[in-house]
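Okay, structure first, notes after.
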Amino acid sequence: MLRAFDAAVFDLDGVVTFTARVHAAAWKQLFDEFLRRRAQLRHEPFDSFTEEDYRAYVDGRPRADGIRTFLAARGIRLPDGSPDDASGAETVAGLARRKDELFRALLEEGGVEVDADALVFIRSLRANGIRTGVASSSKNASLILESTCITDLFDACVDGWTLEKRGLRGKPAPDLFLACLESLEVRDPTRALLVEDAVVGVQAGRAAGFGLVLGIDRSGNAAALREHGADVVVSTFREISIDQIDAEFRKRQRERSA
């Protein structure tokens with residue numbers, strides 16, 4: 001059967017794997033260390049980093065952007081620093097290095113959990129001739145794919161290193177996803193599916209012009225995902241099939257041609 005779409009792009013953390021939980025834990029440890037130290041020095045109350053902070057300011061963004069966005073929400077501005085800054089130095093680069101250390105330590109301690117239902121869905125797409133790619137703001141995306149032995153399920157992987165090397169903008173800008181479509185040799189974004197669990201990722205997918213944006217609600221965030229542009233929202237991949245996705249694409253193609 002000839003399908004109405006050609007490719008599917010997946011965010012990694014929180015979509016294909018459950019590493020979003022590990023990222024959230026690493027971010028909390030990083031910012032709580034920083035905020036507690038700052039509060040002690042200034043003789044101010046300690047106001048911890050919350051799950052709401054993670055979703056609003058950090059989730060889905062490149063590491064440095066997440067640091068700047070969260071700190072700005074707390075009225076804090078740090079110098080960018082340089083890649084040579086020591087781990088934990090009070091610069092964006094220093095905090096970014098510390099976050100990566102914390103994430104890798106947690107990853108080594110607990111490993112990576114893969115969503116088996118996501119893999120079934122991805123294999124179904126590939127069996128129907130749909131090209132699949134990963135687009136993640138994380139610089140650890142390739143490491144995670146390799147450690148979980150699922151690299152061969154994707155025809156392209158665009159990550160935080162790609163953003164840095166090519167000078168691309170992070171989410172909610174569309175650059176990451178457009179770069180992945182380019183790697184997949186998809187010239188028409190309206191014939192591509194995006195699968196995301198973060199609000200900024202959904203916004204980036206809309207900006208990139210994807211034909212369909214599928215939101216994965218892992219934390220009771222369905223309303224926000226829909227509000228920012230998800231066409232369909234599910235809590236697990238068991239709730240969706242390639243035939244349903246195909247039907248949604250055909251519906252939207254008819255609406256555009258009407």
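The values are calculated or read from the model by the stated rules, or taken from the named source; none is laboratory data. Owing to the predicted nature of the structure, the values given are computational and were not obtained by experimental measurement. When we count neighbours, we look across all protein chains shown, and the Cβ atoms used for this are built from the backbone with ideal geometry, even at glycine.
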Notebook entry, point to check: Which one is surrounded by the fewest Cβ atoms within 10 Å (Cβ to Cβ), of the residues in the stretch 238-257 that are over 20 Å from residue 116 (Cα atoms) and without any contact (Cβ under 8 Å) to a residue 12 or more places away in the chain?
Noted result: 257
Notebook entry, point to check: What is the number of the single condition among (1) surrounded by fewer than 18 Cβ atoms within 10 Å (Cβ to Cβ); (2) more than 18 Å from the chain's Cα centre (by Cα); (3) acidic (Asp, Glu); (4) farther than 23 Å from residue 162 by Cβ that residue 188 does not meet?
Noted result: (4)
Check: How many residues are in a helix (DSSP H, G or I) and surrounded by fewer than 17 Cβ atoms within 10 Å (Cβ to Cβ) when one looks only at the stretch 72-99?
Finding: 2
Note to self: Cβ-Cβ distance below 8 Å, separation of 6 or more or different chains: which pairs start in the stretch 112-132 with a residue that is of a type in the set (Phe, Trp, Tyr) and end on one that is crowded, with 16+ Cβ neighbours inside 10 Å?
What the structure shows: 121/237; 121/240; 121/242
Notebook entry, point to check: in contact with a Leu (Cβ under 6 Å, 6 or more places away or on another chain), in the same structural domain as residue 250 (by TED's automatic domain parsing) and over 22 Å from residue 117 (Cα atoms): does that describe residue 208?
Noted result: yes
Check: Would a scan of the stretch 181-193 turn up a residue that is within 21 Å of residue 23 (Cβ to Cβ) and in contact with a strand residue (DSSP E or B) (Cβ under 7 Å, 6 or more places away or on another chain)?
Finding: no
Item checked: Enumeration of residues in the stretch 210-248 that are under 17 Å from residue 20 (Cα atoms) and among the aromatic types (Phe, Trp, Tyr) -> 237
Notebook entry, point to check: Would it be correct to say that residue 125 is out of contact with any Lys or Arg (no Cβ under 8 Å at 6 or more places or on another chain) and modelled with pLDDT under 90?
Noted result: no
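Matching residues to (1) within 18 Å of residue 159 (Cα to Cα); (2) touching a residue at least 12 places away in the same chain (Cβ under 8 Å); (3) outside the structural domain of residue 33 (by TED's automatic domain parsing); (4) of a type in the set (A, V, I, L, M, F, W, C):
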position: 56; (1), (2), (3), (4): no, yes, no, yes
position: 61; (1), (2), (3), (4): yes, yes, no, no
position: 66; (1), (2), (3), (4): yes, yes, no, no
position: 77; (1), (2), (3), (4): no, no, no, no
position: 80; (1), (2), (3), (4): no, yes, no, no
position: 86; (1), (2), (3), (4): no, no, no, yes
position: 97; (1), (2), (3), (4): yes, yes, no, no
Next item on the list: Please indicate, with yes or no, whether at least one residue in the stretch 73-81 is under 20 Å from residue 24 (Cα atoms) and modelled with pLDDT of 95 or more.
Entry: yes
Next item on the list: Take residue 18 and decide whether it is buried (at least 23 other Cβ atoms within 10 Å of the Cβ), aromatic (Phe, Trp, Tyr), closer than 24 Å to residue 156 by Cα and in contact (Cβ under 8 Å) with a residue 60 or more places away in the chain.
Entry: no
Checklist line | Residue in the stretch 138-149 that is surrounded by the fewest Cβ atoms within 10 Å (Cβ to Cβ), counting only those that are within 15 Å of residue 18 (Cα to Cα) and touching a Lys or Arg at 6+ places or on another chain (Cβ under 9 Å) | finding: 143
Next item on the list: Report whether or not residue 119 is at pLDDT 95 or above, over 22 Å from residue 175 (Cβ atoms) and in the same structural domain as residue 37 (by TED's automatic domain parsing).
Entry: no
Margin query: For residue 21, only one of the following conditions fails: (1) part of a helix (DSSP H, G or I); (2) at pLDDT 95 or above. What is its number?
Written below: (2)
